[in-house]
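Single-structure report; data block below.
The values are calculated or read from the model by the stated rules, or taken from the named source; none is laboratory data. Not measured: the values here are computed from a predicted model. Backbone-built Cβ (ideal geometry, glycine too); neighbour counts: all protein chains shown. For the accessible areas, the whole protein counts, side chains as well, though only heavy atoms, and no ligand, DNA or RNA atoms are used. Shrake-Rupley method; radii C 1.70, N 1.55, O 1.52, S 1.80 Å.
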Amino acid sequence: MHTQDVDEELVAAATEVARTRCRGDNHTMAAAARTTDGRIVTGVNAYHFTGGPCAELVVVGAAAAQGAHDLETIVAVGDRDRGVVPPCGRCRQVLLDYFPALKVIVATPAGLRALPVTGLLPHTYVWADHQLVTPSQSEPMPPG
């Protein structure tokens, strides 16, 4: 059940990667993102007990490696026909910090929707807003 505001081509790309590239327990999720220049970048998670990266974070890195530093929309799809899966808390925070205007496709009772990443974190913590800046610096210093 899809809706008008959803990038169907993006969902299809992530679904195809989940179906054809996710095998076994190491790669169980696929993600696809549309760059602001219209390209689609895909990736899969790298599960590891030490906390390997989620598919969304792999896509962020793959997009940067391809010269795409601004993403418009992202979606994650589970293998074995699990469909669209919302990003975990860590991914929500990273996506918000990297791309505050990003839309994230999620499943809702009314079908798929493209929501602003800020809507997934209603009481957001924006990392850049909480960094120390001294008068001699133009860039924030990490706390600590």
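How large are Rg and Dmax for region 1-73 when only the alpha carbon atoms are used, in Å?
Final numbers for Rg and Dmax: 12.6, 39 Å.
What's the angle, to the nearest 10 degrees (0 to 90), between helix 8-21's Cα axis and the longest principal axis of the chain?
Computed tilt is about 70 degrees.
Tell me, what % of the accessible area of region 1-86 is carbon and sulfur with a 1.4 angstrom probe?
For region 1-86, the apolar C and S fraction of the accessible surface comes to 52 percent.
Just one of (i) 1.10; (ii) 1.16; (iii) 1.52 is Cα Rg over 2.2 N^0.38 Å as worked out from the coordinates here. Which one is it?
Label (i) holds the value from this structure.
If amide H atoms are built 1.01 Å from N in the plane of the peptide, which residues on other chains or at least 5 residues away come under 5 Å of the amide H of GLY83?
Under 5 Å from the amide H of GLY83: GLY78.
Give a residue-ordered list of calculated ³J(HN,Hα) values for region 76-90 (Karplus: 6.51 cos²θ - 1.76 cosθ + 1.60, θ = phi - 60°; whole Hz; x for Gly, Pro).
10, 10, x, 5, 6, 6, 7, x, 5, 10, x, x, 5, x, 4
Residue by residue through region 34-50, which ³J(HN,Hα) values in whole Hz follow from phi under the Karplus form 6.51 cos²θ - 1.76 cosθ + 1.60 (θ = phi - 60°), with glycine and proline marked x?
9, 7, 5, 8, x, 6, 10, 10, 10, x, 10, 5, 10, 4, 7, 4, 7
Report, by chain and number, residues whose modeled amide H sits under 5 Å from the one on GLU72, excluding near sequence neighbours (fewer than 5 apart, same chain).
It is ARG34, THR35, THR36, by chain and number.
What number, in percent, do you get for the relative contact order of region 14-90 if the mean sequence gap of Cα pairs under 8 Å and at least 6 apart is divided by its residue count?
33 percent.
What is the packing order of peptides 24-30, 34-40, taking the mean over residues of other C-beta atoms within 10 Å and listing the highest first?
24-30, 34-40
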